[in-house]
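**Q** Structure below; questions to follow.
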Amino acid sequence: MPSLLKALFQLFSKPIEKEDSLGARGEKIAVKFLKKNGYKVLRKNYFTKFGEIDVIGYDRGTISFIEVKTRLSESFGPPELAVTQIKKNHIIKTAQKYIIENKLEDVCCRFDVVSIRLSNDGKAHEVSLLKNAFTL
């Protein structure tokens with residue numbers, strides 16, 4: 001294998017370091033924000049074959065499936081607009097699996113979005129919570 005091809009293969013074969021990503025920073029900020037606002041965090045980064053839910057929380061008798069969107073600028077619009085219908089469908093299917101696995105069929109559930117805009121220095125500039133951002 002030519003050395004350039006070998007180098008590219010090695011580069012793209014490495015696992016993504018989520019801890020250093022913009023999304024991971026946003027999720028840490030979101031968890032802190034949610035706890036400050038009375039949520040109990042039940043689970044972070046819940047994966048299924050359908051997709052991922054960033055945070056699963058409990059808020060006043062309701063299980064909340066939370067998508068976190070983080071942006072450094074609004075060049076492509078506000079962060080919450082990045083939750084497309086396709087993404088919503090993946091979150092819904094993933095939430096249904098969580099509900100079945102944990103026998104939560106009789107518990108109230110909703111879908112929230114935490115929108116985070118970071119300042120140029122990478123610190124949280126604005127954090128907002130959209131409760132009931134979308135429904136089944």
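The values are calculated or read from the model by the stated rules, or taken from the named source; none is laboratory data. Since this is a predicted model, take the numbers as computed values, not measurements. We place every Cβ from the backbone using ideal geometry, glycine too, and count neighbours over all the protein chains shown.
**Q** Only one of these is buried (at least 18 other Cβ atoms within 10 Å of the Cβ), in a helix (DSSP H, G or I) and either at pLDDT below 95 or under 13 Å from the mean Cα position of the chain (by Cα) (or both): Thr94, Thr70. Name it.
**A** Only one candidate passes the filter, namely Thr94.
**Q** Continuing with this model, one more query. Condition test on Ile53, is it assigned to a strand (DSSP E or B) and surrounded by 15 or more Cβ atoms within 10 Å (Cβ to Cβ)?
**A** Here the answer is yes, as Ile53 does meet what is asked.
**Q** Determine, yes or no, whether Val127 is part of a strand (DSSP E or B) and in contact (Cβ under 8 Å) with a residue 24 or more places away in the chain.
**A** Yes: the conditions hold for Val127.
**Q** Which is surrounded by fewer than 15 Cβ atoms within 10 Å (Cβ to Cβ), more than 19 Å from Lys49 (Cα to Cα), polar (S, T, N, Q) and over 16 Å from the mean Cα position of the chain (by Cα), of Asn102, Asn120?
**A** Just a single option satisfies the conditions, and that option is Asn120.
**Q** Select from region 73-85 the residues that are over 17 Å from the mean Cα position of the chain (by Cα) and of a type in the set (S, T, N, Q) and write down the one among them that is surrounded by the fewest Cβ atoms within 10 Å (Cβ to Cβ).
**A** If we take residues in region 73-85 being over 17 Å from the mean Cα position of the chain (by Cα) and of a type in the set (S, T, N, Q), then Ser75 is surrounded by the fewest Cβ atoms within 10 Å (Cβ to Cβ).
**Q** Which pairs turn up if I take residues in region 103-114 that are without any contact (Cβ under 8 Å) to a residue 60 or more places away in the chain and look for partners that are surrounded by fewer than 11 Cβ atoms within 10 Å (Cβ to Cβ) and of a type in the set (Phe, Trp, Tyr) with beta carbon separation below 8 Å, at least 6 apart in sequence or on another chain?
**A** Pairs found: none.
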